[in-house]
């Protein structure tokens, strides 16, 4: 299980790095620092081999995979959930984030964490709430344009 927890942590690190690269080549890095901050919870848990890693990582992996899928659907002209212009670097990073999220989800689902259901649910919901709050905050003009 320790190996699986570290893989989840590394998937989080890869996602954070790719999203920070997007920030560096696009709208500004502060926005992406804020957006990725909740992923650090799973990274720290994974490196410490906490049984809560799975439950802290899943909300971030699912959220970012859904966001990357929405971008891909837009780029393919199949759906307009998201709009904008994307540079080749940004498109490449959506693939990196998506793949890391898929690997993370597959590994997380396979882990038997041994955590009580109530603890797992609370952890998942707290991290999901932090993730949504961070994403919303990152869209504020004071952050989005820096």
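Computed from the coordinates by the stated procedures, all read-outs in this text should not be read as laboratory data. On a predicted model such as this, the values are computed, not experimentally measured, just so you know. With ideal geometry, Cβ positions are generated from the backbone for all residues, glycine too; neighbour counts draw on all protein chains shown.
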Exercise. When ranked by the protection proxy of mean other Cβ atoms within 10 Å per residue, highest first, what sequence do the peptides 102-109, 23-30 form?
Worked result: 102-109, 23-30
Problem set entry | Ordering of 75-85, 56-66, 117-127, 2-12 by burial proxy (mean other Cβ atoms within 10 Å per residue, highest first) | 56-66, 2-12, 117-127, 75-85
Problem set entry | Per-q log10 I(q)/I(0), the range 1-105, q = 0.10 Å⁻¹ (Debye; single scatterer per alpha-carbon; no solvent) | -0.27
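Quick check: residue separation of residue 89 and residue 112 times 0.36 nm, minus the Cα distance between them. What number comes out in nm?
Gain on extension, residue 89 to residue 112, equals 4.6 nm.
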Exercise. How compact and how long is the range 36-89, expressed as Rg and Dmax of its alpha-carbon atoms in Å?
Worked result: 14.8, 42
Problem set entry | Helix 117-138 vs. the chain, principal-axis angle (Cα, 0 to 90°, nearest 10) | 20 degrees
Problem set entry | Relative contact order computed over the chain (Cα-Cα under 8 Å; 6+ residues apart), in percent | 38 percent
Problem set entry | Ranked packing of 41-48, 130-137, most packed first, by mean Cβ within 10 Å | 41-48, 130-137
